[in-house]
Amino acid sequence: MSEKNEEGKRAARDRLVQQREQERARERRRRTMIVSAAVVGVLGLAAVVGVIAANSGGKGNKASGSGPAVAPSGATGKDSLAIRVGADDAPSTLTIWEDFRCPVCAQFENAFRDTIHGLQNSGQLKVEYHLVTLIDGNLGGSGSLDAANAAACAQDAGKFPAYHDILYRNQPQETDDAFGQSSKLIELGGKVPGLDTPAFRSCVKDGTHDTWVKKSNTAFQNGGFQGTPTALLNGESIFPKKGSEPITAANLKKWVAEANKGKQPGKATPSPSAS
C-alpha cells in the first residue's frame, strides 16, 4: 500500500510540474505576441522574441557574485540599484529594466535610442537603468551578468551611456553566450574612447559588481514585472503601449511633453556616445 501511495504522490508531482510548464509556455506565447505586435507592427522591426521572467535568472553557470554588493559610482535609487543618465533635475523619469542578452531589449534600445538621447540632452528626461539577468537563468551561461557588471564598470569610468549603446549594437544571438567572455566585453570597451584602461579590465575580469547586479535582478523578480524590457514613464508602463496608445518615437515625445507641461527642463549636458 505504501508503494502505491508513493507512486501516486510521484504521479501527482509530475502532473503539477507539467501543468506549471504548460502555464509558463502559454505566458511565453502571450508575451511574444504582445511584444511582436508592438515592435513589428508599430516600429516595423522583424523577428522579435519576447523574454519572460519565468525563472529566477541571474545564476547562470557562474559562482561569483557572492560577496558584498559594490554599487558602481553614482548609482542611485533604492539600494543604489539604478544607473541614471540625464539631468538629475529633469522633470520626467524613464525607468528601464533590461538584460543585455535580451533580443527585445536590443530592439527597443536600437529603435528608441535617438529619441531618448534627444530628450535627455534637452533636459526633458532622465533615464534610470536597472540591469537584469533573465537570459542567464532561462538559457544558462553568464553573459547577462557579465555584461551588466562590465556596464557598471563603465559607469565607474563615467562611460556608461556609450558602453551601454555599444553592447546593444553588438549583441550576440540570444543563445550565444559571447558576453560571458571577459575578452569580448573588453574588446567592445575599446570602441568607447578612454574606457579600455587597466582599471576597467580588472573590474570586468574580477566581476567587481556581480553581487550588485544579482541584487538588481532580485529586485526585478520581487517587483512583479513580467519580462524585459520593462519601461515606465514616471511610474506608468509604456511598453508595448501606454493605455491604448502603442509606443512609437512620436508618442514617446508626446507623452514626455504632456508630463512636462508647465515644468522647466533640467540643466542637461549632452551625454557622450559611441558609434
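The values are calculated or read from the model by the stated rules, or taken from the named source; none is laboratory data. If you're wondering where the values come from, they're calculated on a predicted model, not measured in any experiment. Backbone-built Cβ (ideal geometry, glycine too); neighbour counts: all protein chains shown. Side chains included, ligands, DNA and RNA excluded: accessible areas come from the protein's heavy atoms. Shrake-Rupley method; radii C 1.70, N 1.55, O 1.52, S 1.80 Å.
Step through the residues of region 116-132 one at a time and calculate ³J(HN,Hα) from phi using the Karplus curve (6.51 cos²θ - 1.76 cosθ + 1.60, θ = phi - 60°), rounding each to whole Hz and writing x for Gly and Pro.
Karplus-based 3J(HN,Hα) across region 116-132 equals 5, 4, x, 5, 5, 5, 8, x, 7, 8, 10, 10, 10, 8, 10, 9, 10 Hz.
Can you send over the carbon and sulfur percentage of the accessible area for region 62-162, probe radius 1.4 Å, protein chains only?
46
For region 123-244, what is the relative contact order in percent, using Cα pairs closer than 8 Å and at least 6 residues apart in sequence?
On the way: 116 pairs, mean separation 35.6, N = 122.
Result for region 123-244 is 29 percent.
When you take every Cα atom in region 79-135, what is the radius of gyration, and what is Dmax, the widest Cα pair distance, in Å?
11.8, 34
Take peptides 94-106, 121-133, 171-183 and line them up by average Cβ neighbours within 10 Å, highest first, as a rough protection proxy. It would help to have the intermediate numbers written out before the result.
Values: 94-106: 26.0, 121-133: 23.9, 171-183: 16.6.
Result, highest mean Cβ count within 10 Å first: 94-106, 121-133, 171-183.
With a probe of 1.4 Å, find how much accessible area region 146-203 has per residue, and write the answer as a whole number in Å².
38
Which number do you get for Rg(Cα) / (2.2 N^0.38 Å) in region 164-246?
For region 164-246, the normalised Cα radius of gyration comes out at 1.38.
Based on the mean of other beta carbon atoms within 10 Å per residue, what is the order of 146-155, 213-222, 184-193, most packed first?
Listed from highest to lowest mean packing, they are 146-155, 213-222, 184-193.
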